[in-house]
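Asker: The following block contains the structure, expressed as structure tokens.
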Amino acid sequence: MKRLKERFVKVFKAEFLVGKDSQRNWITILLVLLLGIVMIYSGHLIDQKIYTIAKLETEVKELRSEFVSVRSRLQREKLESSVLSELQNTGLKQSQTPPNKIKVIVKEDE
């Protein structure tokens, strides 16, 4: 019990930092501090990545919804009835006779 008490007193007086084996203790303390700093830094980097990923996910959702709305608008505007209604103001009308097919025959020179 007395020995345990002496060890606590030595720790509180920081004798392990100025004693004869202090160099080994300092190296250990510096290593632990360095590892702690690296852990904190990596934690901050991970938090930054998480926020960036969340921001990009919301941007992807917005762009996907915009794509769907633009695609549906395009499909509506491609319909023959909507094209006819747009061209009605210009005076163009739908032809009553179907278009003629033109066939091009290419003769090879012999």
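The values are calculated or read from the model by the stated rules, or taken from the named source; none is laboratory data. Note that the coordinates shown come from a computational prediction; the quantities given were computed from them, not determined experimentally. Cβ coordinates were reconstructed from backbone atoms using ideal geometry, including for glycine residues, and neighbour counts include every protein chain displayed.
Asker: Every residue in the range 64-104 that is at pLDDT 90 or above and among the hydrophobic types (A, V, I, L, M, F, W, C), please.
Answerer: PHE67, VAL68, VAL70, LEU74, ILE102, VAL104
The rows are residues; the columns are (1) among the acidic types (Asp, Glu); (2) out of contact with any strand residue (DSSP E or B) (no Cβ under 9 Å at 6 or more places or on another chain); (3) more than 30 Å from SER95 (Cβ to Cβ).
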site	(1), (2), (3)
TYR41	no, yes, yes
HIS44	no, yes, yes
LYS49	no, yes, yes
ALA54	no, yes, yes
GLU59	yes, yes, yes
GLU66	yes, yes, yes
VAL70	no, yes, yes
GLN75	no, yes, no
LYS78	no, yes, no
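Asker: Next question, about the same structure. Are there any pairs, at least 6 apart or on different chains, whose C-beta atoms fall under 7 Å, with the first in the range 55-82 and of a type in the set (D, E, K, R) and the second modelled with pLDDT of 95 or more, and if so, which?
Answerer: Once the first residue is of a type in the set (D, E, K, R) and sits in the range 55-82, no partner that is modelled with pLDDT of 95 or more comes close enough.
Asker: Show the residue pairs that are 6+ apart or on different chains and have beta-carbon atoms under 7 Å apart, the first residue being within the range 1-13 and on the phi < 0 side of the Ramachandran plot, the second being surrounded by 10 or more Cβ atoms within 10 Å (Cβ to Cβ) and in a helix (DSSP H, G or I).
Answerer: Taking only residues 6 or more apart or on different chains, the pairs are LYS10/PHE16.
Asker: Kindly indicate whether SER95 is part of a helix (DSSP H, G or I) and either loosely packed, with under 10 Cβ neighbours inside 10 Å or at positive phi (or both).
Answerer: Here the answer is no, as SER95 does not meet what is asked.
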